[in-house]
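The values are calculated or read from the model by the stated rules, or taken from the named source; none is laboratory data. All values reported here derive from a predicted model rather than from experimental measurement. These area figures cover heavy atoms from the full protein model, side chains too; ligands, DNA and RNA do not enter into them. Shrake-Rupley method; radii C 1.70, N 1.55, O 1.52, S 1.80 Å.
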Amino acid sequence: MAVRKRKSRKKKGSGTVGTVLVAFLLALAAAAAGAWIVLAPFGPSEETFVQVTPGSSTTRIGQQLEAAGIVRSRYGFDAVRLWKHGILRAGAYRFDHPASAAEVYARIARGDVYTISVTIPEGASLFEIAAKLEQAGLAARKDFMAAAQQTSLVADLDPKATSLEGYLFPDTYHLAPKSTPEQICATMVHRFRAVAAQMGLKDNVHDVVTLASLVERETAVDDERPLVASVFENRLAKAMPLMTDPAVIYGLQLEGRWRGTIYQSDLTRDSAYNTYLRKGLPPGPIANPGAKSLRAAMQPAKTDYLYFVAAGANPQGHSLFSRTLEEQNQNVAGYRQAVKKAGGR
C-alpha cells in the first residue's frame with residue numbers, strides 16, 4: 001500500500017508579519033537612539049565658551065558645539081533645528097553643566113548670550129574707565145587707552161576732539177567677553193549719540209561737553225549742577241579764570257605727574273589744563289558727563305554767582321555759592337571750620 005507524503009503548508013503572511021515586526025523594532029530603536037542623542041544631557045561640567053559668529057550656518061554651529069564637547073552629536077543638533085525651525089543668534093555662549101541638545105538649541109535660538117556687566121559712573125575719566133575694564137577682564141588698560149585716541153568716532157560731533165574723553169557715556173554695559181577695545185569704545189559713543197540726540201545736543205558740542213565734564217567733577221548734587229554751570233558761564237563772560245581743581249588734576253594725569261593730592265606747585269605750573277593760569281575752558285572734556293550735567297551745561301541757571309565751594313569738599317555735603325570774593329572768603333572760612341569740626345585737617 002503506497003504512503004502519501006503530506007506537503008507542509010506555510011502560513012500565508014507569516015513572513016510579512018516578521019518583516020514588519022523587525023522594521024518596527026528597528027524604527028523604535030532608532031527613535032530611542034535619536035531621543036537619547038537629542039534629549040539626554042551631555043556636555044561640560046566646567047565653564048566652556050562657544051563664539052557663534054554672524055552668518056554661521058546650522059551645520060557650522062553644530063560642528064563647533066560638538067568640537068567643544070557641548071553636544072553629543074552635530075547631527076542631533078541639526079535634527080532639533082529641523083524640528084524647531086528657529087533662527088540661531090550670534091554671540092558668545094557660556095556652558096557650565098551638561099544639557100540636552102534641545103536645551104542648547106533653545107538657548108542659542110533665544111540669544112541667551114553671555115555678557116560681562118560693567119558700570120561706568122558719571123564723571124569717570126578715560127583713566128578710570130580703563131581701570132574698570134581691566135578689572136572686569138575685558139581689556140588691558142593700555143589697549144583701551146590706545147583705542148580711545150581714535151577720534152574718528154566723534155569727528156562729526158567734535159572736530160577738535162583729541163580723544164574720546166567726554167563721549168564715552170556713563171551707563172551699565174553688558175559686553176561680550178571677547179569685545180575689542182575698539183568695539184567697547186564704539187558702544188559707549190553710540191550711547192552718547194543716542195542721549196545727545198534725545199536732548200537736542202547738536203550745536204557747539206565741544207564746549208558743551210567740556211563744560212558738562214567740569215560740572216560733573218565739581219558736584220554730584222543734581223540740584224546744584226545748573227548753579228555750578230552758571231558760575232562757570234559767568235566767569236567765562238567776564239574773562240575770569242575758572243580756577244577749577246579737577247581740570248588741573250586731569251592735566252597732571254595726562255602728563256603722568258598726578259601725585260594723588262594737589263599741591264600749590266601744581267597750581268602754579270603752566271599747563272593747558274591749568275584753569276588758574278589760563279582763561280577760558282580747558283582744551284577738551286576732563287571726564288565723561290552724564291545726562292544731568294549735559295543738560296546743566298546746555299541750560300545753566302540764571303544767576304550772578306561767580307564763586308563756589310564744591311560739594312565734594314564740603315563736609316556738610318552741599319556747595320556754597322557766592323557773588324563776591326568777600327562772600328567766598330567767608331564760605332571758605334566756614335568750610336575750614338566744618339572740616340576741623342569733622343576731624344579733618
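Using a 10 angstrom cutoff on alpha carbons, build the Gaussian network for the chain and name the most mobile of Gln253, Gln63, Gln264.
Gln264
Starting from 0.36 nm per residue, how many nanometres of slack lie between Ala131 and Ala146 once their C-alpha separation is accounted for? Each step should come with its number before you reach the end.
Details: separation 15, 0.36 × 15 = 5.40 nm, distance 1.33 nm.
Contour length minus Cα-Cα distance gives 4.1 nm.
Which value, to two decimals, describes the C-alpha radius of gyration of region 234-345 once divided by 2.2 N^0.38 Å?
Working: Rg = 15.1 Å, N = 112, 2.2 N^0.38 = 13.2 Å.
Expressed relative to 2.2 N^0.38 Å, the Cα Rg reads 1.14.
Provide the per residue accessible area, probe 1.4 Å, for the chain, rounded to a whole number of square angstrom.
Heavy-atom accessible area per residue stands at 57 Å².
I want to verify a result. In a Gaussian network model of the chain, Cα cutoff 10 Å, which of these has the top mean-square fluctuation: Leu242, Leu214, Leu267?
Leu267
Just the Kirkwood number for region 46-87, please: inverse of mean 1/r across all distinct Cα pairs, in Å, one decimal.
Evaluated over region 46-87, this radius sits at 10.7 Å.
Out of the total accessible area of the chain (probe 1.4 Å, heavy atoms of protein only), what percent is carbon and sulfur?
Roughly 54 percent, rounded to a whole number.
In Å, what Rg and Dmax follow from the Cα atoms of the chain?
That works out to 34.0, 151 Å for Rg and Dmax.
Hey, which aspartates and glutamates would be in cross-link range of Lys202, C-alpha to C-alpha under 17 Å, not counting anything within fewer than 8 residues on its own chain?
Asp156, Asp158
Are any of the pairs Lys142/Lys178; Lys292/Lys340; Lys178/Lys292; Lys302/Lys341 more than 25 Å apart by Cα-Cα distance, and if so, which? Display every interim value, and only then the final one.
On the way: Lys142/Lys178 16 Å; Lys292/Lys340 32 Å; Lys178/Lys292 32 Å; Lys302/Lys341 34 Å.
Cα-Cα > 25 Å for Lys292/Lys340; Lys178/Lys292; Lys302/Lys341; rest within.
If you fit an axis through the alpha-carbon atoms of helix 126-135 and take the longest principal axis of the Cα set of the chain, what angle between them do you get, 0 to 90°, nearest 10?
Helix 126-135 and the main axis of the chain meet at about 30 degrees.
Where does the chain land at 222 nm, in deg cm²/dmol rounded to the nearest 500, when only DSSP H runs of n ≥ 4 count, each adding -39500 (n - 2.57), divided by all residues?
Working: 13 runs with 160 residues, N = 345.
So the calculated ellipticity at 222 nm is -14500 deg cm²/dmol.
In µm²/s, what is D for region 128-278 at 4 °C and 1.567 mPa s, where D = kT/(6 pi eta Rh) by Stokes-Einstein and Rh is the Kirkwood radius from Cα pairs?
Value of D from the Cα-based Kirkwood radius: 76 µm²/s.
Hey, what did the chain get for relative contact order, percent, Cα under 8 Å, at least 6 apart?
Computed value for the chain: 13 percent relative contact order.
Would you mind telling me which residue in Gly111, Gly166, Gly55 has the biggest mean-square fluctuation in a Gaussian network model of the chain, where springs connect alpha carbons within a distance under 10 angstrom?
Answer for the Gaussian network model of the chain: Gly55.
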